[in-house]
Amino acid sequence: MKPVWFLFLTVLLPAAPDEPKLAIANASLQQNEDGPGVAGGFAFTPGEAVYFSCQLTGYQKVEKDNKDTISLTWNIEVRDPKGILIVRPEQGKIDAAVTAEDRKWMPKARYSFSVPPFADSGSYRVRFVAKDENSKKEASAELAFAVEGPKVEPSDTLVIRNFRFLRKEEDTEALKVAAYRPGDTLWARFDMTGYRLDKENAFDIDYGLAILNGGGQEVYSKLPAAEEKNQSFYPRRYTPGVISLDIPKEIPHATYTLVVTVRDHQGNQTTEVRQKFSIE
């Protein structure tokens, strides 16, 4: 008997194309819109504007009105080192028709915000989440950035921090010797913290001053000299204060004491600081 030969044929079918997978590319933070991304080690300052941008790829196209279209949505959050939102979350949407020539096109999402004026130093985070409304797939990216601002130690009760005498209003360095001449303007700066915030982050404080002579007698006073009443989305942990006082030309040469008093009306708190200066 002749042997029977069997022929087995393997048919290779083309593999099904991979489904698009949404992805985020080129995410960065900049000092200017569409500018270069900030380098490692860079720190933003309180009050400075921050610009975020990224591109989206791997989106799915669907036919609508005889055109291929895409539909992307995104949301973004920015939080401080303690995880507290510094601005309200933002949402965006990208709807567009695409052609064959756009096969490599990556739509761009942009967002800008400002660091709170009295933000603490530390590492902040931007979280961006995108969704392809056609494929229902999501992608996310998280970027960290540094903020470097004045150091104000926190307090559970009302206190005055970082008091310093200055020669001029715009000076940043404190006087090593607090000495003035008759006719000069005395400048002083300080930070107030530990006051009570309500549920809307509102606060209500004021501050005033008094001058005591060498015998402890009050020779001048003004209370309040200034009021600070405000509220914000992000809790304002500290508030700077400033005092300017024109020194009379006829004042006797001597050592005096400046008394700064701060009152927290919501927290029913009062605190003061006493600093000596001389007229020479």
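Suppose we flag chymotrypsin sites (Phe, Trp or Tyr not before Pro) only when DSSP calls them loop and at most 12 other Cβ atoms lie within 10 Å. Which is the longest uninterrupted stretch of the chain?
43-232
Taking loop as defined by DSSP and a crowding limit of 15 other beta carbons within 10 Å, which trypsin sites (Lys or Arg not before Pro) in region 218-253 fit?
Of the trypsin sites (Lys or Arg not before Pro), the ones in loops of region 218-253 whose Cβ has at most 15 other Cβ atoms within 10 Å are K249.
For a footprinting-style exposure proxy, rank D156, D120 by other Cβ within 10 Å, fewest first.
D156, D120
Taking the chain as the region of interest, what is the percent of Cα-Cα pairs per 10 angstrom bin, listed from the shortest bin to the one with the maximum distance?
Distribution as computed: 5, 20, 20, 16, 13, 9, 7, 4, 2, 1, 1, 1, 0, 0 percent.
Rounding to the nearest 20 debye, state how big the charge dipole of region 159-279 is about its Cα centre with +1 on each Lys and Arg Cβ and -1 on each Asp and Glu Cβ.
340
Hey, what did the chain get for relative contact order, percent, Cα under 8 Å, at least 6 apart?
15
When only C-alpha pairs under 8 Å and at least 6 residues apart count, what is the relative contact order of region 228-280, in percent?
Once normalised by length, the contact order is 32 percent.
Which of the GluC sites (Glu not before Pro) across region 109-216 are loop residues per DSSP, with 16 or fewer other Cβ within 10 Å?
E133, E148, E169, E170, E173, E200
Can you run phi through the Karplus equation (6.51, -1.76, 1.60; θ = phi - 60°) for region 205-220 and list ³J(HN,Hα) in whole Hz, with x for Gly and Pro?
Ordered by residue, 3J(HN,Hα) equals 10, 9, 8, x, 9, 9, 10, 10, 7, x, x, x, 8, 6, 10, 6 Hz.
Using the crude model of +1 on Lys and Arg Cβ and -1 on Asp and Glu Cβ, and no other charge, please compute the dipole size for the chain relative to its Cα centre, in debye to 20.
Approximately 680 debye in magnitude.
Given the pairs K67/K104; K131/K199; K82/K229; K67/K136; K82/K136; K176/K229, which span a C-alpha to C-alpha distance of over 22 angstrom in this model?
K131/K199; K82/K229; K82/K136; K176/K229
Place a label point 7 angstrom from the Cα of H253 along the Cα-to-Cβ direction, then list the residues of region 168-183 whose backbone nitrogen is under 14 Å away.
What the label zone holds, given the 14 Å backbone N cut-off, is 179-183.
Here, each number is a calculation from the coordinates, and none is a lab measurement. Fair warning: this is a prediction, and the values are worked out from it, not measured in the lab. Here the Cβ is made from the backbone with ideal geometry for all residues, glycine too, and neighbour counts use every protein chain on show.
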